[in-house]
Amino acid sequence: MAWMIGVMLEVAGEPEPLRHFFAVGHDDRAKAEWTAIDKARLAGEVATSPVKGLEPVHVVSELSPKVVRSLALKPGEVRPLGWRWPRRWISLA
């Protein structure tokens with residue numbers, strides 16, 4: 001099992017935090033969220049409060065086995081997917 005996690009990052013020059021997406025290969029949802037936070041902190045500071053109704057760290061969706069294979073995501077691996085909405089990975093589910 002794997003998860004798509006969104007993490008709000010405060011980025012210099014941006015008026016509000018931006019959401020960065022991560023695919024995380026952990027069965028446990030909470031562990032996936034913490035693993036995404038650890039990876040996100042390499043790119044910037046994690047927001048400390050909700051932004052437009054979204055928590056700073058939140059599960060976007062569970063990833064299907066088809067998506068996990070498509071990403072070649074290994075157990076325990078974290079794959080940054082960028083700032084744009086990951087419709088390609090969610091629509092494969």
Worksheet item: Taking springs between alpha-carbon atoms closer than 10 angstrom, which of Arg19, Arg79, Arg69 fluctuates most in the Gaussian network model of the chain?
Response: Arg69
Fill in: For Val60, distant residues with modelled amide H under 5 Å away
Met4, Ile5, Gly6
Worksheet item: Tell me, what is the per residue accessible area of the chain in Å², probe radius 1.4 Å?
Response: 61 Å²
Worksheet item: Tell me which lysines have Cα within less than 30 Å of Lys66's Cα, excluding those fewer than 8 residues away on the same chain?
Response: Lys31, Lys39, Lys74
Worksheet, complete the sentence: Under a Gaussian network model of the chain whose springs join Cα atoms within less than 10 Å, the largest fluctuation of Gly53, Gly25, Gly76 belongs to Gly53
Discussion item. Quick check for me: using +1 on Lys/Arg Cβ and -1 on Asp/Glu Cβ, what's the dipole size of the chain about its Cα centre, in debye to the nearest 20?
Written reply: 500 debye
Item to complete: Return the single residue from Val11, Val24, Val68 with maximal mean-square fluctuation; model: Gaussian network over the chain, springs between Cα atoms under 10 Å.
Response: Val11
Worksheet entry | Among (i) 12.8, 44; (ii) 12.3, 35; (iii) 12.6, 38, the entry derived from the coordinates for Rg and Dmax of the Cα atoms in Å | (iii)
Worksheet, complete the sentence: Computed over the chain: longest principal axis from alpha-carbon atoms vs helix 29-40 long axis, angle to nearest 10 degrees, is 60 degrees
Practice prompt. If a/c stays under 1.5 just call it rounded; otherwise compare a/b with b/c (prolate if a/b is bigger, oblate if not). Do that for the stretch 11-53, with a ≥ b ≥ c from the square roots of the Cα gyration tensor eigenvalues.
Written response: prolate
Worksheet, complete the sentence: Residue-ordered couplings for the stretch 69-80, obtained by feeding phi - 60° into the Karplus form 6.51 cos²θ - 1.76 cosθ + 1.60 and rounding to whole Hz (Gly and Pro as x), are 5, 4, 7, 6, 7, 8, x, x, 7, 10, 10, x
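The values are calculated or read from the model by the stated rules, or taken from the named source; none is laboratory data. All values derive from a computational prediction rather than experimental measurement. Note that we place each Cβ from the backbone using ideal geometry, even for glycine, and neighbour counts take in every protein chain shown. Areas reflect the complete protein model, heavy atoms only, side chains present, ligands, DNA and RNA absent. Shrake-Rupley method; radii C 1.70, N 1.55, O 1.52, S 1.80 Å.
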